[in-house]
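**Student:** The structure that follows is given in the form of C-alpha cells.
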Amino acid sequence: METGYYYHKPLKACPVKEYFKEYSLNEDDTEKIKKRKQKILADIDAKIMNIQENKGRPVPPISRPIHGYSFFEIKNPKNENTVIRILYFRYENKIVLLHAFEKPASYDTKKEKREVDKEYKIGEDYLNIFKLNPKNYEKY
Amino acid sequence: MKNIRSKKTSIDPMAEARKGKYFKQYSKEAKERIQLGVEIYNQREFLGVSQQKLAQEAQTTQKVISRVENGDVNIGFALLNRIASVLNFNYENWGTIFGFRVPCKILFVGSEATNTTTKKTQENVLPHEAFNYSY
C-alpha cells in the first residue's frame, strides 16, 4: 500500500503538502523551533505510517471516519489550543491525503462549527475530483 | 491526462524533515506512543470502560486519557502503572506495546508425546512457533 498527496490542478499544488510547508525548516529558526517543527511532522508521519501498516483502515483513536463524509481524519495537536486535522481516503491500493487544516481543540459556537464543515466540504470536493482522475497525486 | 507522479511540483516538507537530525528520534518515540495509545484504547473498549471512568480510577483527567490514547503525550511510569492496573493489562498487552512475543504453553497429546505414560507433554514456546509442531 502506498500513500500519496492529492494534487489539485487549479491550485497547481497538493493541499496537504502546502500545509506541511508551514513546518519547513528555515535558516533563521532557533534550535527550539527546529525541534518543534520536526516533532510535529514526525508525529504526523508516524500516524500516517501506522494507518499504512493497517492498509488504510481507520485505526481508532489515531484516525476516525467523519459522519456524513466519505473520508477519514487524522488528528495531531499543534499546541494546547489547536489541533491539526488531515483528511484522507482509501482508493484502490492507495491512501490519498486530501486536505489539511487547523481547528480549535474544543469548540462550541455555530460559527466555528460552520468553519469546520466548510473545510470538510473542501475535502469532499477534492475527493470527488480525484475519483474522476485518479492519477492526480504525488508520492508521499 | 498526464501522470504527475514522476514530476513533483515542489519540495516535499516531509521528505526534507526526514533528513533532519531530530526526526528519526521523534519518529521512533511517536511510534511507541501510538502503540501504547492504541493498546490502551483497545483494552478500554474491550472492557467497556469510558475515558471518564478510567480517568477517575487512574487519578487523572479525561483530557489526559484522550491525549494518551491519541499518542500525543509522553506518559509517566506512575500513571502508566495506574492505567495498566485499572485495565488489567497482562503479558500480551505489554508484548503488543513493546513489540515482544510472550511465551505460551502448548500441550502435546498422542503417541509422539515424550511422556509415554500419560501420552501428554507440555512445552513453553513462542506463539508463532506453535505452528511448527506437527504431532
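**Student:** If you scan segment A:96-140, which residues turn out to be part of a loop (DSSP other than H, G, I, E, B) and either within 14 Å of another protein chain (Cβ to nearest Cβ) or of a type in the set (K, R) (or both)? Break it down stepwise before answering.
**Tutor:** Restricting attention to segment A:96-140, the residues satisfying the condition of being part of a loop (DSSP other than H, G, I, E, B) are A:105-109, A:133-136, A:140.
The answer is A:A105, A:S106, A:N133, A:P134, A:K135, A:N136, A:Y140.
**Student:** Please determine, by comparing only the residues of segment A:61-102 that are more than 10 Å from the chain's Cα centre (by Cα) and of a type in the set (G, A, S), which one is nearest to A:R36 (Cα to Cα).
**Tutor:** Only one residue fits best here, namely A:S63.
**Student:** Can you pull out the residues in segment B:49-58 that are surrounded by 14 or more Cβ atoms within 10 Å (Cβ to Cβ) and over 11 Å from B:R82 (Cα atoms)?
**Tutor:** If the condition is that a residue be surrounded by 14 or more Cβ atoms within 10 Å (Cβ to Cβ) and over 11 Å from B:R82 (Cα atoms), then B:V49, B:Q51, B:K53 are the ones that fit.
**Student:** Show the residue pairs that are 6+ apart or on different chains and have beta-carbon atoms under 8 Å apart, the first residue being within segment A:113-140 and under 22 Å from A:M1 (Cβ atoms), the second being assigned to a helix (DSSP H, G or I).
**Tutor:** Listed pairs, sorted by first residue: A:Y126/A:P15; A:N136/A:I129; A:N136/A:F130; A:Y137/A:F130; A:E138/A:K17; A:Y140/A:I48; A:Y140/B:M14.
**Student:** Oh, and also: Taking the residues in segment A:6-22 that are at the interface with another protein chain (Cβ under 8 Å from one of its Cβ atoms) and aromatic (F, W, Y) as candidates, determine which candidate is farthest from B:G37 (Cα to Cα).
**Tutor:** The residue in question is A:Y7.
**Student:** Turning to a different aspect of this structure: Is it the case, given these coordinates, that B:Q25 is part of a helix (DSSP H, G or I) and either surrounded by fewer than 17 Cβ atoms within 10 Å (Cβ to Cβ) or touching a residue at least 40 places away in the same chain (Cβ under 8 Å) (or both)?
**Tutor:** Yes, satisfied.
**Student:** Let me spell it out: the conditions are (1) free of Cβ contacts under 8 Å to residues at least 60 places away in the same chain; (2) part of a helix (DSSP H, G or I), and A:N76 meets all of them except one. Which number is the exception?
**Tutor:** (2)
**Student:** Looking at B:E92, B:E16, B:E57, B:E32, which one is acidic (D, E) and at pLDDT 95 or above?
**Tutor:** B:E57
**Student:** How do the pairs read when you match residues in segment B:56-84 that are more than 13 Å from chain A (Cβ to nearest Cβ) and free of Cβ contacts under 8 Å to residues at least 60 places away in the same chain with residues anywhere that are of a type outside the set (S, T, N, Q) and part of a loop (DSSP other than H, G, I, E, B), using Cβ under 7 Å and keeping only pairs 6 or more apart or on different chains?
**Tutor:** Listed by first residue and then by second, the contacts come to B:L79/B:A58; B:R82/B:A58; B:I83/B:A58.
Conditions tested, residue by residue: (1) in contact with a strand residue (DSSP E or B) (Cβ under 6 Å, 6 or more places away or on another chain); (2) within 7 Å of another protein chain (Cβ to nearest Cβ); (3) surrounded by fewer than 19 Cβ atoms within 10 Å (Cβ to Cβ).
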site: A:S24; (1), (2), (3): no, yes, yes
site: A:I44; (1), (2), (3): yes, no, no
site: A:P61; (1), (2), (3): no, yes, no
site: A:P65; (1), (2), (3): yes, no, yes
site: A:E80; (1), (2), (3): no, no, yes
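Let's see how each residue does on (1) part of a helix (DSSP H, G or I); (2) of a type in the set (V, I, T):
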site	(1), (2)
A:K32	yes, no
A:R36	yes, no
A:I51	yes, yes
A:K55	no, no
A:R64	no, no
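**Student:** Then there's this: Can you tell me which residue in segment B:34-48 is surrounded by the most Cβ atoms within 10 Å (Cβ to Cβ), limited to those that are among the aliphatic types (A, V, I, L, M) and closer than 16 Å to B:N90 by Cβ?
**Tutor:** B:I40
**Student:** For segment A:26-42, which residues satisfy the criterion of being hydrophobic (A, V, I, L, M, F, W, C) and facing chain B (nearest Cβ under 7 Å)?
**Tutor:** Listed by number, the residues that qualify are A:L41, A:A42.
The values are calculated or read from the model by the stated rules, or taken from the named source; none is laboratory data. Bear in mind the structure is a predicted one, so any value in this text is a computation, not a measurement. Note that each Cβ is placed from the backbone with ideal geometry, even for glycine, and that neighbours are counted across all protein chains shown.
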